[in-house]
Every structure is written in C-alpha cells, then in structure tokens.
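Student: Got a structure for you, questions after.
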Amino acid sequence: MKTAHRIGRYLFLLLSISFLLPALAVAAEYYVSTYGSDSNPGTLSQPWKTVKKATSTLRAGDTAYFRGGTYQEYNITFSNSGSTGNPITLKGYPGETAIIDGANNGIVFEIQNRNHITLDSLTIRRGNLANIRIAYDYPATNITIQNCELKEFVANDNSATIYVNTSGAENILIQNNLIHSVQGYHGNAAGIIIFRGGTLTIRNNVIYSTNIGIYYKHSTANGKVTTIENNLIYDQDRWGILLSKSDAVIRNNVIRDTVAPGIQIFEESSSCSFLESSNNQILHNTIVNNRSGIVLERSSSCQGAYNTTVRDNLIYNVTGSEFRGLSVWSYYSGSDGSRTTFDHNLLYSSNFTSPVRVLNSYYSVSSAPLSGSGNLQAEPLFRDYTNKDLTLQPNSAGKGAASDGKDMGADMALVGIKVAPSPPVLR
C-alpha cells in the first residue's frame, strides 16, 4: 500500500510539472545575417536574413543577434511584447557592426502598443523624421535603447533620432548610446525629443551635431520624473538641453560648445493652459563655451520655470550678453516669484563682471537676489581646457567647494558612454 501511495504521489508531481512547462519555457536565441534566409530556422549556422523576420517571430525572453552588415529596412514593428524580466531583445553580434539603414525612406523602428523591448548594440541610421519612434499613437512601456550608434536622421519640425511621444510612454531607458548627425537643418530637430512622456531615464549618452541635444515639450505636472544624467552634449546649433517639464532631475552632464543656452527651462505662450515647468533640479553640471549657461524662462503670459533648484553647477566662458551665466525670468516685468534656489555654483566669464540676470537687472554671483549661498565667481582652472579635459585642478576654487563637499560641476569619471555590450552565448 505504501508503494502504491508513493507511486501515486510521483505521478501527481509529474502531471503538475507538465502543466507548468509552458510557463517555464526556455527563452530562445536566434541569429540574423545579410547572407541568411528567412526560411532558415534562425540558428547560428542557418540564420534569418531580415530584421522584420526577427521582430515578427520573437516572443517574451527571446533574443536575436545580428551579424555584421547593412540591413536596408524601415517601418519595422514588433508583433509581440516581452514581459517583466523577459524582454524581447535585438542585439548586435559582438565584434561586428550590424547597421539597420532606413535609407531616408521612413522611420526605422516604430515601437508602440508593445512593452518590454530592448534594442542593444546596433547602428541605426537614416530614418526619415526618426530612427526610433516610441508610443506615437499607442502606449509603449519598459523600452530600453542602449549601447547603440544612432545617426543621420532626416530632420523636419519636431524630429529626432529618438522620438518619444505622448501616448503612454512609461519606463523608457536610453543609455550608453552615441547619438549624432542630422541630414538637413530644422531648428527643432534633436538627438532625443519627448512629448508629455512618463517616467524616463536618459543617461551616459554622447550627443553631438543634432541641433538640440535633448528636447522635452509640453509636460504637465503629473509627478512623473525624468532623469537626465551623465551625458556629454556638444557642438549643437541650438540648445544642449531644452525642457518644458516638471519634476526633472538634470545632473552631472557636460554641455559645451552650443550656440544657445546649455540648459533652458522654457514655456510656450500657446500652451499656458496645461504647461508647467516646476520643481526641476539642475545639479552638478559643467556648462562651458555656450552662448549662455542656464536660462529659467517666463513671459508675461505663462508662469514658466518656478521652484527650480540650481546647485553645484560650473558655468564657464559664456559669450551672450542677454542671458549670461544664469538668467531668471528674463522677459517678465513683475517681481521675482520664481522661487529659484541658487546654491554653491561657480560662474565665471571674462566677458562679464555681472554674469547673473534676474528679471531685467544684472548681478555679480555674490550679489544675486536669490535664495542660496556658497556661490563663487572665479576662474575654474581645468586640467586641460584646450583638449576638453574639464576636470578641476587641485588649486581650483571649485575643488571640494560643492554643497556635498565634492567638486563643483560634473564628475568627469561618470560622464559619457560607460557600458560595453556583453557577448552572446553561442550555441
């Protein structure tokens, strides 16, 4: 009887496991090559040929590795979503360069109504209006773009190499990418553009020659936090970072050589009814060789940037006389109700003895009528200014002078691309 009872228990266990097997299915790895065929099984020795074959086949947890070569495809969509801990991943094969080329015909990747998607270690180029567009008409959540080179998109009004739109974009991570170059010129073209998105993190990217580095438009005060950190942004025809956004954290970025302000929190008169740019934090950024440093904007129509914390930043060698190193509500004619905290910043330009503008008056750093202390106006003394090493020398006035005891400005060891793609497990 005991033996029969034992056998029954084992049978019950086996049956239970068999019912669970679909949920425990092992994630698959596939391979794609320009020399493959979409009728192949997608193995390393018999790869698929096209990106669209991969995006129409992969399911949660699956990864497709792309061998080196150019895949001329555009309007690429995903048939399925990943899940928590099991994203669908498109990844470049290590040691080879996989180029997804839209050839100026259309958007290269369109990600909407899908979740948990990762693009990793790919070169994506020549999209028309965008190389990657996220949540344009329908929601898209938990999307990661990392370790990619993104370049040469065709510019138009409100275009970008990565475009994140209003329709339920949540938990978007854009990290460790090289983002550069634009075909044609439009002032609103950007490396990354966001419209009323949800929670986003934009970090450790290098962005150059895209007109505007990061451009955030039409945010409402919804409590969704966007973190922009550790990015290197340079050689922009307009702004480094331009935001109409509440609850953003802009920290430890290096922004240099732009024709407009390094960072501007702005408002638009046409959007006063829903636009808010409140409770933003601008912390530990190094802003060098720009027309102006940080601009907090208000017009006579909109409340504009208010309750902004500007702390531990380093701003050097601004050239524009209008906004200078820091400008607060420049076009507003009333009294200053911006509630700006200006604390432990270093501002210096040999062009101006009064580098701070509040409303329509100019001040030295120490006399600016703003809340805060510990601000300095002194030559920063960089390690190698000519060769763009903006680390402070040991005898710099900003050395150890930030509110947290660290150096004023960005920690250069944290800025720029930091993560290399990991190799696949070959099978």
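Quick note: the coordinates plus some simple rules give every number you see, no bench work behind them. Everything numeric here is computed off the predicted structure, so don't read it as measured data. Neighbour counts run over all protein chains shown; Cβ positions are idealised from the backbone, glycine included.
Student: Evaluate 2.2 N^0.38 Å with N set to the residue count of the chain, then give the Cα radius of gyration divided by it. Could you put the intermediate results ahead of the total?
Tutor: Working: Rg = 24.9 Å, N = 427, 2.2 N^0.38 = 22.0 Å.
Relative to the rule-of-thumb radius for its length, the chain sits at 1.13.
Student: Name the residues of segment 244-259 whose amide N is less than 19 Å from a point 7 angstrom out from the Cα of D411 along the C-beta direction?
Tutor: Backbone N within reach: 249-255.
Student: Can you give me the angle between helix 2-20 and the longest principal axis of the chain, using Cα atoms only, in degrees from 0 to 90, rounded to the nearest 10?
Tutor: Relative to the chain, helix 2-20 is tipped by roughly 50 degrees.
Student: Can you put L390, L347 in order, fewest other beta carbons within 10 Å first? Could the numbers behind the result be given before it?
Tutor: Values: L390 21, L347 28.
Fewest to most other Cβ atoms nearby, the residues stand as L390, L347.
Student: Restricting attention to the chain, give the cysteines that have no other cysteine Cβ less than 4.7 angstrom from their Cβ.
Tutor: Isolated Cys, the chain: C148.
Student: Where does segment 27-253 land on Rg/Rh, using Cα atoms and the Kirkwood Rh?
Tutor: Numbers: Rg = 16.7 Å, Rh = 17.3 Å.
Reported Rg/Rh, Kirkwood definition of Rh: 0.97.
Student: Pick out, from A60, V108, F78, the residue whose Cα sits farthest towards the positive end of the charge dipole of segment 53-161, with +1 on the Cβ of Lys and Arg and -1 on the Cβ of Asp and Glu.
Tutor: Value computed over the given set: A60.
Student: Just to verify a number: FRET efficiency for N395 and N171, C-beta to C-beta distance, R0 = 41 Å, to 0.05?
Tutor: 0.40
Student: Work out how much length A378 to N113 would gain on full extension: take 0.36 nm times their residue separation and subtract the Cα-Cα distance, in nm to one decimal.
Tutor: Answer, rounded to one decimal: 90.2 nm.
Student: Could you size up the charge dipole of segment 27-253 around its Cα centre, putting +1 on the beta carbon of Lys and Arg and -1 on that of Asp and Glu, and report it in debye to the nearest 20? Please report the intermediate quantities before stating the final value.
Tutor: Values: 18 positive and 17 negative charges, 43 e Å.
For segment 27-253, the charge dipole is close to 200 debye.
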